[in-house]
Amino acid sequence: MLINVGSKLINPAQVLWIEPAPSTRETPRSTIHFVGGETLTVSADLDWIASRQTAIFPAPPGYQAVRATPPRQSDEDRSVDYDTLPVVAFRFDGASNLLLDPITPEGTLGDYYAVIGPDGRCWDVDREYENVEAFKRSFSEDWANDKAVWSGEAA
């Protein structure tokens, strides 16, 4: 895991502690103390630094992701398309709505997806579903409601 601070990638294994530093021009600052005795002061508060951590680790066997591709507003008659991809890794970055973001052979999945566990249960950033069909049903209904709002058909 590395911490991305400005243009520097910092190895947390080399960090002893991080503490607030005096602000300059009302900009929060923190000082990073390293194992070798060096220090680095950066223009960032502690919460921001903590949110910049990224870890990627292999996915256990059996995880998949279902990606939803909604139609464009101009494609009135098209429904939501779904495709299922294997999850090869998970990313934890501290900033996601999901605790772990799935990574597939195609990379990350964008805004509309759910993770399918080895037991068949499924979850997205908002809820957990009994299975992938329940996710698809819920997403398609939500999308139809959004489409009605866009087209002015909603009550």
Checklist outcome for this item: Checked the stretch 32-59 for anything exposed (fewer than 11 other Cβ atoms within 10 Å of the Cβ) and assigned to a loop (DSSP other than H, G, I, E, B); matches are Val35, Gly36, Gly37, Glu38
Checklist entry - Looking at Pro22, is it at pLDDT 85 or above, in a strand (DSSP E or B) and open to solvent by 70 Å² or more (accessible area, probe 1.4 Å)? => result yes
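The values are calculated or read from the model by the stated rules, or taken from the named source; none is laboratory data. Since the model is a prediction, treat every value here as computed from it, not as a measurement. We place every Cβ from the backbone using ideal geometry, glycine too, and count neighbours over all the protein chains shown. We work out accessible area using only protein heavy atoms, side chains counted, and drop any ligands, DNA or RNA first. Shrake-Rupley method; radii C 1.70, N 1.55, O 1.52, S 1.80 Å.
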